[in-house]
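Please read the structure below before turning to the comments.
Throughout, read-outs are computed from the coordinates displayed, never taken from laboratory work. Computed from a predicted model, the values in this text were never measured in an experiment. Virtual Cβ from ideal backbone geometry, glycine too; neighbours counted across all protein chains shown.
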Amino acid sequence: MGAGQLVKDAPMHEYTSFKAGGKTALLVLPENIAQLRYTMKAIREEQTPYFIMGNGTNILVRDGGYPGVIVKIGSSFSHIKVAGDKIEAEAGALLKDVARVAMENSLTGFEFASGIPGSIGGAAFMNAGAYDSDMSQVVEIVTLLSIDGSEAYTLSVEEMKYGYRKSRLMEEEAIILSVVLKLAPDDKDQIASKMKDLNDRRRQKQPLDYPSAGSFFKRPPGNYAGTLIQAAGLKGVSVGGAMVSPLHAGFIINMGNATAGDIIALMELVQERVYEDSGIRLEPEVRIIGD
């Protein structure tokens with residue numbers, strides 16, 4: 001038994017939705033829980049810096065790279081099963097696949113997630129959401145692995161201490177293995193229609209033709225990041241290959257050759273200009289790691 005697939009000096013632009021950024025010293029892609037346990041035990045014993053990633057849709061690795069181990073919880077952890085009005089999905093299952101399974105089984109409540117380009121583990125970690133819904137409204141139980149790989153345990157939705165784009169896991173180290181959703185029975189055609197409507201809205205209003213990490217900034221209380229950015233006159237502003245989307249100001253997009261440095265410089269420019277214009281300091285929703 002080993003750690004799984006190992007990629008030395010892995011170019012992280014190939015594993016993240018921004019299609020930008022540096023390398024990691026080692027990328028580990030475990031294929032089962034035994035390999036994940038082995039990996040985490042070794043990381044703890046060696047006291048190596050580490051980062052746990054899902055589908056790579058909400059992270060950016062700085063151009064200098066990440067000096068440790070990145071562990072990717074991917075398609076080997078993507079089994080989905082249905083029992084009554086509950087769905088249990090392994091952490092690597094894509095949100096669109098979980099939403100499709102829910103629809104096929106006439107279960108409503110997860111339509112909002114069908115267009116979010118991430119994994120359910122990442123979504124449960126950060127309380128991802130869209131269209132006035134989020135994970136805290138549908139999660140029942142989260143199964144976790146302790147960071148040293150020694151034990152698996154569960155947390156209820158109350159114990160996850162969800163808030164806007166946050167959970168207790170942002171302060172407490174653990175790896176999500178699976179998520180149980182509590183949904184409700186409904187008409188399959190109505191569920192499919194709602195999913196189509198939401199995804200049509202998304203295609204019309206979001207710059208899906210360019211690499212990005214979705215909404216770059218957290219929504220400030222009582223406002224919208226995109227509205228503030230647009231009001232500051234920043235739609236279409238660029239730094240290097242990174243641009244504030246002309247379609248939706250809440251998105252920073254990679255026009256094709258952006259470096260992580262371009263994206264971060266544009267982020268800082270947006271933060272500075274919006275603060276000057278409105279007095280509000282925008283916080284990134286995207287997790288930026290590395291040197």
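Whole-Hz Karplus values for the range 224-232 come out as 10, 4, x, 5, 5, 5, 5, 5, 7 Hz, taken residue by residue from phi with 6.51 cos²θ - 1.76 cosθ + 1.60 and θ = phi - 60°; glycine and proline positions read x. Looking at the range 5-75 alone, DSSP beta bridges between its own residues are antiparallel in about 45 percent of cases. A Gaussian network model of the chain, with springs between Cα atoms under 10 Å, assigns the largest mean-square fluctuation among ALA124, ALA113, ALA25 to ALA25. Comparing the range 76-190 with the 2.2 N^0.38 Å rule of thumb, its C-alpha radius of gyration ratio is 1.00 (two decimals).
With θ taken as phi - 60° and the Karplus curve 6.51 cos²θ - 1.76 cosθ + 1.60 applied, the whole-hertz 3J(HN,Hα) list for the range 63-73 is 4, x, x, 10, x, x, 10, 9, 9, 9, 8 Hz, x standing for glycine and proline.
Across q = 0.25 Å⁻¹, the range 5-75 modelled as identical point scatterers on its alpha-carbon atoms has Debye log10 I(q)/I(0) values of -1.15, in the order of the q list. Multiplying the residue separation of LEU6 and GLN137 by 0.36 nm and subtracting their alpha-carbon distance yields 43.5 nm. Cross-link check: pairs LYS81/LYS196; LYS72/LYS235; LYS23/LYS235 evaluated at a Cα-Cα cut-off of 25 Å; pairs beyond the cut-off: LYS72/LYS235; LYS23/LYS235. Separation of the range 68-107 and the range 217-291, taken as the distance between their Cα centroids, equals 31 angstrom. Here the Gaussian network model covers the chain, with springs between Cα atoms less than 10 Å apart; of ALA99, ALA89, ALA42, ALA42 fluctuates the most.
Using the Karplus relation 6.51 cos²θ - 1.76 cosθ + 1.60 with θ = phi - 60°, the per-residue 3J(HN,Hα) values for the range 176-192 come to 6, 9, 7, 9, 9, 9, 9, 10, 9, x, 7, 6, 4, 5, 5, 5, 4 Hz, with x marking Gly and Pro. Once backbone amide H atoms are built at 1.01 Å from N, ALA213 has ILE252 as its partners under 5 Å, excluding neighbours fewer than 5 places away on the same chain.
What relative contact order, as a whole-number percentage, does the chain give when Cα pairs under 8 Å and 6 or more residues apart are counted?
Working: 650 pairs, mean separation 53.1, N = 291.
Once normalised by length, the contact order is 18 percent.
Only aspartates and glutamates eight or more places from LYS182 in sequence, or on another chain, were considered; those with a Cα closer than 18 Å are ASP85, GLU88, GLU90, ASP97, GLU104, GLU111, ASP132, ASP134, GLU140, GLU158, GLU159. Structure remark: mean-square fluctuation, Gaussian network model of the chain, C-alpha springs under 10 Å; the largest value among ASN254, ASN223, ASN55 belongs to ASN223.
Extending 7 Å from Cα along the Cβ direction at LYS41 and again at ALA152 yields two label points whose distance is 1.6 nm. One entry in (i) 0.92; (ii) 0.97; (iii) 1.01 is Rg/Rh (Cα atoms, Kirkwood Rh) calculated from the shown coordinates; its label is (ii).
Let's test the formula: R0 of 25 Å, r as the Cβ-Cβ distance of SER278 and ASP197. What FRET efficiency results, to the nearest 0.05?
Details: r = 32 Å, r/R0 = 1.27.
The calculated FRET efficiency here is 0.20.
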